[in-house]
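The values are calculated or read from the model by the stated rules, or taken from the named source; none is laboratory data. All values derive from a computational prediction rather than experimental measurement. Here the Cβ positions follow ideal geometry from the backbone for every residue, glycine too, while neighbour counts run over all protein chains shown. Only protein heavy atoms, including side chains, enter the accessible area calculation; ligands, DNA and RNA are left aside. Shrake-Rupley method; radii C 1.70, N 1.55, O 1.52, S 1.80 Å.
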Amino acid sequence: MSLATPGAAPADAPAVLSAPARSRRLRGTRRAAAGGTAAPGGRPAGRRLAGRLTPWLFLSGAVGLLLLFTYWPALNLFWYSVTDWDGIDLTKEFVGLDNYAQVFTDPRIFNVFWVSLYYFAASFAQMAIALYFATILSFSTRLSSFFRGILFFPYLINGVAVGFVFLYLFQPGGTLDTVLAWFGLADPPQWLGNPDIVNWSLAGTSVWRYTGLNFVLFLGAIQSIPHELYEAAELDGASRWQQFWAIIFPGIRRIIGLSFILAIAGSLSVFEIPFIMTGGANGSATFVIQTLQTAFNFRQVGLASAMAVVLLIIVLLVTWIQRALFPDEKVDLT
Amino acid sequence: MTVAVAPRRRHAPSGRTLGERLRSTSATTAKYASLVLAAVVTLLPLSVLLFASLKTAPEYAQSGPFDLPQNWLNFDNFVTAFTSGKMLEGFVNTGIVLAVSLVGTVFLGTMAAYALDRFAFRGKKLVMVLFLIATLIPGVTSQVATFQLINGLGLYDTKAALILLFMGTDIIAIYLFIQFMASIPISLDEAAMIDGANRWTIYWRVVLPLLKPAIATVVIIKGIAIYNEFYAAFLYLPSEGFISTSLFRFKGPFGAQWEVIAAGTIVVIIPTLLAFLLLQRWIYRGLTAGAVK
């Protein structure tokens, strides 16, 4: 980028200099022309080296931490996954693909993938609700910023707090049961104690918690649609419903598609709500809970690493599909 | 509805507007009904918890979840939660980690963005790709290996572990900074350079002040994320309380004392509520900027 700047600098410089109130002395244009790092013109070797090092000095902190806390663990994950390491032993025995074979054949491990399906189903509900409210709140509505705030706020609440709020709600004889009793449903199930229901309860909590994020993203996308389009449609006598299908939906198709694919990755890596609320009991353990318990409670770091690698590969695949289907470009509305 | 409208249509063209008006009134009613329903679904679970937190133990045992507390100013549970639950320790630790990680993230992030946006150098593409790929790795999965690293560095059970992790894993912040930096005209840098400023001075005196809006966004979004972080604190700082883990511990000693647990939960939610009310607009903006990336 700065390759282009040295040539442009002298021409721009006077105009820019007069603009800010900086009153430092002009030290000569030669330096300015040579200022870009890419300019090779006759500087001593030491200076050139310093020039070449400068960007790395600025980058060192961020790149250092990136390599240390993202890439180093990720590489180690692959290495641990082909060993039988327990996390403490000094020697790690190489076991080939045994751990991977176990991930795919042990029904205890593989079953947790089914749990993801509850959250995946719930994310459809979440998106539908978010889309509905984003649409109606993008047209003039009384108290709209009040409702926006209320819909969005749960997303900001601490996960442990959300967990407790819903533990309280789902208690036998608790809030939910009382509300149901008003409607004549006197014999409610054990919301968190019944293995057939627990995942629906937890997925419902997840909908409550995350709808606000989808809502805000959809709302932002809808508001970026040029307003004249609605006005033109209104003049043509289009109903709100027609406006939704003809203008809003195509206008935000990309972010909806993106949300669907993020929902896949998201439902595979669900962790906080079930961990806090049930600890994975009653068949509510998700893939991540199972992985972390395998690593830290059962000290099978090798096996847990293989599980993490499997999840990582699935997420990478999903992201790759997302990039292929929804390349990074602006939506064309014309 | 249509049956009632049909006869009028014959008389005058204005009959159509009645039908339309009827339809739009019912649409409006449905719209507001759904909004009110959503507000109830959102607020109800929180309000019943507030009710519970203001009840005394015997009162809680005897009353249903929707019974209002007898004394709205009974803060005993809050005192119990705060002292026995060691919430102060949680707030202090969270505050320290929050402050240090935010300062670190802002400096490392803006410096990296400055280098990536303003310099042409060998390896730049590679660094960009490394940052890009890193966004795809879900943090919670690599904890299995990250834990070994933290342990190997001798940082297990220290606040430094959390600070380093929060600083080291924030790639979204760097993206926001790069995006924002691209909108700052390069001619400003050049003008400063003509004035004899070196790169560091330009970063410090020109770029950093101009990045203020992006920094505010990152501080808010990241601040909320750190305040809400649970697992990293749970795993790496077991012997000290972080605000989430302090609250999580309530599950043990307070077991069925829901009035105390409720008070603790409210205590954790209040700062979020205040931050939200004060910073609404920036929070929305930051999230849309950060999440779509």
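Within segment A:211-229, which residues are in contact (Cβ under 8 Å) with a residue 24 or more places away in the chain and of a type outside the set (S, T, N, Q)?
If the condition is that a residue be in contact (Cβ under 8 Å) with a residue 24 or more places away in the chain and of a type outside the set (S, T, N, Q), then A:GLY212, A:LEU213, A:PHE215, A:VAL216, A:LEU217, A:PHE218, A:LEU219, A:ALA221, A:ILE222, A:ILE225, A:PRO226, A:LEU229 are the ones that fit.
Please enumerate the residues belonging to segment B:149-175 that are surrounded by fewer than 22 Cβ atoms within 10 Å (Cβ to Cβ) and modelled with pLDDT of 90 or more.
Of everything in segment B:149-175, those that are surrounded by fewer than 22 Cβ atoms within 10 Å (Cβ to Cβ) and modelled with pLDDT of 90 or more turn out to be B:LEU149, B:ASN151, B:GLY152, B:LEU153, B:GLY154, B:LEU155, B:TYR156, B:ASP157, B:THR158, B:LYS159, B:ALA160.
Exactly one of these conditions fails for B:LEU116: (1) closer than 26 Å to B:ALA216 by Cβ; (2) within 7 Å of another protein chain (Cβ to nearest Cβ); (3) more than 24 Å from the chain's Cα centre (by Cα). Give me its number.
For B:LEU116, the failing item is (2).
B:ILE133 is checked against (1) among the aliphatic types (A, V, I, L, M); (2) open to solvent by 40 Å² or more (accessible area, probe 1.4 Å); (3) modelled with pLDDT of 90 or more and fails just one. What number does that condition carry?
So the condition that B:ILE133 fails would be (3).
Look at segment A:277-317 and say how many of its residues are within 30 Å of A:PHE94 (Cα to Cα) and either of a type in the set (A, V, I, L, M) or open to solvent by 20 Å² or more (accessible area, probe 1.4 Å) (or both).
Step one: filter segment A:277-317 for residues within 30 Å of A:PHE94 (Cα to Cα), giving A:285-317.
In the following step, the residues that additionally are either of a type in the set (A, V, I, L, M) or open to solvent by 20 Å² or more (accessible area, probe 1.4 Å) (or both) were identified as A:285, A:288-290, A:292-293, A:295-301, A:303-304, A:306-317.
Number of matching residues: 27.
Given the structure, is A:ARG209 within 29 Å of B:GLU20 (Cβ to Cβ) and of a type in the set (D, E, K, R)?
Values: within 29 Å of B:GLU20 (Cβ to Cβ): no; of a type in the set (D, E, K, R): yes.
No.
Take the residues of segment B:243-255 that are at the interface with another protein chain (Cβ under 10 Å from one of its Cβ atoms) and either more than 26 Å from B:ILE96 (Cα to Cα) or not polar (S, T, N, Q) (or both): which is nearest to the chain's Cα centre (by Cα)? Steps first, answer last, please.
Step one: filter segment B:243-255 for residues at the interface with another protein chain (Cβ under 10 Å from one of its Cβ atoms), giving B:243-251.
With either more than 26 Å from B:ILE96 (Cα to Cα) or not polar (S, T, N, Q) (or both) added as a condition, the list becomes B:243, B:247-251.
On the way: B:ILE243: 14, B:LEU247: 17, B:PHE248: 18, B:ARG249: 22, B:PHE250: 23, B:LYS251: 24 Å.
Once the filter is applied, the top-ranked residue is B:ILE243.
May I ask you to say which residue of A:LEU258, A:LEU292, A:LEU311, A:LEU262 is facing chain B (nearest Cβ under 10 Å) and either among the hydroxyl-bearing types (Ser, Thr, Tyr) or under 30 Å from B:ILE261 (Cα atoms) (or both)? Show your work before the answer.
On the way: A:LEU258 fails: either among the hydroxyl-bearing types (Ser, Thr, Tyr) or under 30 Å from B:ILE261 (Cα atoms) (or both); A:LEU311 fails: either among the hydroxyl-bearing types (Ser, Thr, Tyr) or under 30 Å from B:ILE261 (Cα atoms) (or both); A:LEU262 fails: either among the hydroxyl-bearing types (Ser, Thr, Tyr) or under 30 Å from B:ILE261 (Cα atoms) (or both).
Within the list A:LEU258, A:LEU292, A:LEU311, A:LEU262, the selection yields A:LEU292.
State all residues of segment B:256-293 that are of a type in the set (A, V, I, L, M, F, W, C), surrounded by 23 or more Cβ atoms within 10 Å (Cβ to Cβ) and more than 8 Å from every other protein chain (Cβ to nearest Cβ); if no residue qualifies, say none.
Once the filter is applied, which keeps residues that are of a type in the set (A, V, I, L, M, F, W, C), surrounded by 23 or more Cβ atoms within 10 Å (Cβ to Cβ) and more than 8 Å from every other protein chain (Cβ to nearest Cβ), segment B:256-293 yields B:VAL260, B:ALA263.
Return only the number of the condition from (1) touching a helix residue (DSSP H, G or I) at 6+ places or on another chain (Cβ under 6 Å); (2) farther than 30 Å from A:SER138 by Cα that A:ALA221 does not satisfy.
(2)
Under 6 Å between Cβ atoms, at least 6 apart or on separate chains: pull out the pairs that start in segment B:34-55 with a residue that is closer than 12 Å to B:PRO69 by Cβ and at the interface with chain A (Cβ under 7 Å from one of its Cβ atoms) and end on any residue that is open to solvent by 10 Å² or more (accessible area, probe 1.4 Å) and outside any helix (DSSP H, G or I).
The qualifying pairs are B:VAL48/B:PRO65.
Name the residues in segment A:120-166 that are within 25 Å of B:ILE226 (Cβ to Cβ), β-branched (Val, Ile, Thr) and touching a residue at least 60 places away in the same chain (Cβ under 8 Å), would you?
A:VAL160, A:VAL162, listed by residue number.
Conditions: (1) more than 14 Å from chain A (Cβ to nearest Cβ); (2) open to solvent by 20 Å² or more (accessible area, probe 1.4 Å); (3) over 23 Å from B:LEU208 (Cα atoms); (4) in contact (Cβ under 8 Å) with a residue 40 or more places away in the chain. B:GLY95 meets all but one. Number of the miss?
Going through the list (1) more than 14 Å from chain A (Cβ to nearest Cβ); (2) open to solvent by 20 Å² or more (accessible area, probe 1.4 Å); (3) over 23 Å from B:LEU208 (Cα atoms); (4) in contact (Cβ under 8 Å) with a residue 40 or more places away in the chain, B:GLY95 breaks only (4).
Residues being outside any loop (DSSP other than H, G, I, E, B), more than 14 Å from A:ALA295 (Cα to Cα) and either of a type outside the set (Val, Ile, Thr) or out of contact with any helix residue (DSSP H, G or I) (no Cβ under 9 Å at 6 or more places or on another chain) (or both): count how many of those fall in segment A:77-113.
Pass one, segment A:77-113, residues outside any loop (DSSP other than H, G, I, E, B): A:77-81, A:83, A:94, A:98-105, A:107-110, A:112-113.
Okay, now just the ones that are also more than 14 Å from A:ALA295 (Cα to Cα), so A:78-79, A:94, A:98, A:100-102, A:104-105, A:107-108, A:110, A:112-113.
Next cut, either of a type outside the set (Val, Ile, Thr) or out of contact with any helix residue (DSSP H, G or I) (no Cβ under 9 Å at 6 or more places or on another chain) (or both) only: A:78-79, A:94, A:98, A:100-102, A:104-105, A:107-108, A:110, A:113.
Selection size over segment A:77-113: 13.
Collect the residues in segment B:185-196 that are open to solvent by 10 Å² or more (accessible area, probe 1.4 Å) and not charged (D, E, K, R), keeping them in residue-number order.
B:PRO185, B:ILE186, B:SER187, B:LEU188, B:MET193, B:GLY196
Is segment B:76-84 home to any residue that is part of a helix (DSSP H, G or I), within 14 Å of another protein chain (Cβ to nearest Cβ), open to solvent by 20 Å² or more (accessible area, probe 1.4 Å) and among the hydroxyl-bearing types (Ser, Thr, Tyr)? First the steps, then the outcome.
Filtering segment B:76-84 down to residues part of a helix (DSSP H, G or I) leaves B:76-84.
Filter once more, so that each one left must be within 14 Å of another protein chain (Cβ to nearest Cβ): B:77, B:81.
Filter once more, keeping what is open to solvent by 20 Å² or more (accessible area, probe 1.4 Å): none.
No - not one qualifying residue is present in segment B:76-84.
Go over the candidates B:LEU211, B:LEU277 one by one and state the one that is in contact (Cβ under 8 Å) with a residue 40 or more places away in the chain and not β-branched (Val, Ile, Thr).
Working: B:LEU277 fails: in contact (Cβ under 8 Å) with a residue 40 or more places away in the chain.
Unique residue meeting the criteria: B:LEU211.
Would a scan of segment A:126-140 turn up a residue that is within 12 Å of another protein chain (Cβ to nearest Cβ) and not in a helix (DSSP H, G or I)?
Checked segment A:126-140: at least one residue is within 12 Å of another protein chain (Cβ to nearest Cβ) and not in a helix (DSSP H, G or I).
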